[in-house]
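Engineer: The structure that follows is given in the form of structure tokens.
The values are calculated or read from the model by the stated rules, or taken from the named source; none is laboratory data. This is a predicted model, so every value here is computed, not measured. So basically every Cβ, Gly included, is an ideal-geometry build from the backbone, and we count neighbours across all protein chains shown. Accessible surface is based on the protein model in full, side chains and every heavy atom, while ligands, DNA and RNA are left aside. Shrake-Rupley method; radii C 1.70, N 1.55, O 1.52, S 1.80 Å.
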Amino acid sequence: MGKMRSARLVAPRRWELLEEEIPEPGEGTMLVHLRRTAICGTDKPCWVGLGGDYPLQPGASGHEAMGTVAACPSGRYAEGEQVLLYGFDRPLYQEYCLATDDGGCIRLPADAEPEVVLMSQLFGTVLHAFYKLGNLIGQDVVVIGQGPVGQLFNAALRNLGARRIVGVDPLSHRRELAPRMGATHALAPGDDLRDQVLGITEGELPHMVVEAVGLESTFHLAADLVRHRGTILYFGVPNKEPGRGVMSLNFLRMFGNETRIVTTVGPDPHADYATALQWITEGRIDVRPMITHVLPFERIQQAFEIAFEEPAAHGAVKVVLSFE
């Protein structure tokens, strides 16, 4: 079928551009011509050297992408339909990929802004958490981490009735963005963070703390900020440190505080991504302020450096690659 552009992570922090054969769709699969692929926090372990043996498979990893159906032998999807891809079963840092044709993609509006509707994937993983949390109307919430996930938590919490939404992040540009995405306050971490939170919440610690980073230190911080019988929602994937999620925690403190710990991962695409797409297309949230960079695919090396090495210098929040 010809050649396509692809990229391979040949060593930690080093991408290589190459050409690969365009895959052939077979029974149960279809060929998708990608338009946008977003850099996700779950790409960071591979980037920093925690991805196993290098070089990685061409196109790996990639978890967020949308594109146009190029060929679907079964006819379940029409050529030219726009679709949202999901999952970890295909390389997405390449121009074409195979997807299952049995409902394995979410159909997207034909006239939608590509990078905007692409955020349905990430926002869907955020919305998935809320089925586990119950009523949030009038509650105070701290969101640790104001990267793309934290910003989307701000927006969802605002829509679902949280009273005070306090974003916490060391990077000033992300704190400045937080109110535009729904936060009522934004703070930098520091020795006086607990006192600052108490000042905002009128002397009561928050009902819930969202951990949207994935580090041992931020788990400790969440435990320090949540009220008695409050909830820690641990969203950040804890695979970004050499321990790969094995942590040392002051569990006696959380035990004595009767802390409820909720973890969340693995959304139902057709329930969660479709709902996220609805919220975005209806204008219930505006994801545009958090999409700070849309770069040509050929600049993948620079894109990863902006996203993970120099976000403050570039004002980066969400970085997207374009194949167009």
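Engineer: Can you name the condition, by its number, that residue 244 falls short on among (1) in contact with a Leu (Cβ under 9 Å, 6 or more places away or on another chain); (2) modelled with pLDDT of 95 or more; (3) more than 25 Å from residue 134 (Cα to Cα)?
Structural biologist: (2)
Engineer: Let me spell it out: the conditions are (1) among the aliphatic types (A, V, I, L, M); (2) assigned to a helix (DSSP H, G or I); (3) open to solvent by 60 Å² or more (accessible area, probe 1.4 Å), and residue 306 meets all of them except one. Which number is the exception?
Structural biologist: (3)
Engineer: Hey, can you tell me all the residues within region 197-224 that are within 16 Å of residue 187 (Cβ to Cβ), touching a Lys or Arg at 6+ places or on another chain (Cβ under 7 Å) and surrounded by 22 or more Cβ atoms within 10 Å (Cβ to Cβ)?
Structural biologist: 206
Engineer: Here's something else I'd like to know. Residue 249 fails exactly one of the following numbered conditions: (1) surrounded by 19 or more Cβ atoms within 10 Å (Cβ to Cβ); (2) within 30 Å of residue 202 (Cα to Cα). What is the number of that condition?
Structural biologist: Condition (1) is where residue 249 drops out.
Engineer: Now for a different question. Taking only region 126-145 into account, find how many residues are open to solvent by less than 20 Å² (accessible area, probe 1.4 Å) and either more than 22 Å from residue 237 (Cβ to Cβ) or within 11 Å of the chain's Cα centre (by Cα) (or both).
Structural biologist: Residues that pass the stated criteria total 3.
Engineer: Can residue 66 be described as touching a helix residue (DSSP H, G or I) at 6+ places or on another chain (Cβ under 7 Å), free of Cβ contacts under 8 Å to residues at least 60 places away in the same chain, not in a loop (DSSP other than H, G, I, E, B) and not small (Gly, Ala, Ser)?
Structural biologist: Against the criterion (touching a helix residue (DSSP H, G or I) at 6+ places or on another chain (Cβ under 7 Å), free of Cβ contacts under 8 Å to residues at least 60 places away in the same chain, not in a loop (DSSP other than H, G, I, E, B) and not small (Gly, Ala, Ser)), residue 66 qualifies.
Engineer: Do we have any residue at all in region 69-78 that's in contact with a helix residue (DSSP H, G or I) (Cβ under 7 Å, 6 or more places away or on another chain), more than 30 Å from residue 10 (Cα to Cα), aliphatic (A, V, I, L, M) and open to solvent by 10 Å² or more (accessible area, probe 1.4 Å)?
Structural biologist: No, there is no match, as no residue in region 69-78 is in contact with a helix residue (DSSP H, G or I) (Cβ under 7 Å, 6 or more places away or on another chain), more than 30 Å from residue 10 (Cα to Cα), aliphatic (A, V, I, L, M) and open to solvent by 10 Å² or more (accessible area, probe 1.4 Å).
Engineer: I've got another one for you. Looking at region 97-117, I want the residues that are in a strand (DSSP E or B) and have a partner that is open to solvent by 60 Å² or more (accessible area, probe 1.4 Å) with Cβ atoms under 8 Å, at least 6 apart or on another chain. Which pairs are those?
Structural biologist: Pairs that qualify, where the first residue is in a strand (DSSP E or B) and the partner is open to solvent by 60 Å² or more (accessible area, probe 1.4 Å), are 106/270.
Engineer: Looking for whichever is surrounded by fewer than 15 Cβ atoms within 10 Å (Cβ to Cβ) and in contact with a strand residue (DSSP E or B) (Cβ under 9 Å, 6 or more places away or on another chain) here; the options are 163, 229, 175. Which one fits?
Structural biologist: Exactly one residue qualifies, and that residue is 229.
Residue by residue, here is whether (1) open to solvent by less than 50 Å² (accessible area, probe 1.4 Å); (2) not charged (D, E, K, R); (3) not in a loop (DSSP other than H, G, I, E, B) holds:
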| site | (1), (2), (3) |
| --- | --- |
| 262 | yes, yes, yes |
| 265 | no, yes, no |
| 275 | yes, yes, yes |
| 279 | yes, yes, yes |
| 284 | no, no, no |
| 295 | yes, yes, yes |
| 299 | no, no, yes |
| 313 | no, yes, yes |
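Engineer: Same structure again: Residue under question is residue 62, and the condition is that it be at pLDDT 95 or above, crowded, with 22+ Cβ neighbours inside 10 Å, small (Gly, Ala, Ser) and in contact with a Leu (Cβ under 6 Å, 6 or more places away or on another chain); does it hold?
Structural biologist: Against the criterion (at pLDDT 95 or above, crowded, with 22+ Cβ neighbours inside 10 Å, small (Gly, Ala, Ser) and in contact with a Leu (Cβ under 6 Å, 6 or more places away or on another chain)), residue 62 does not qualify.
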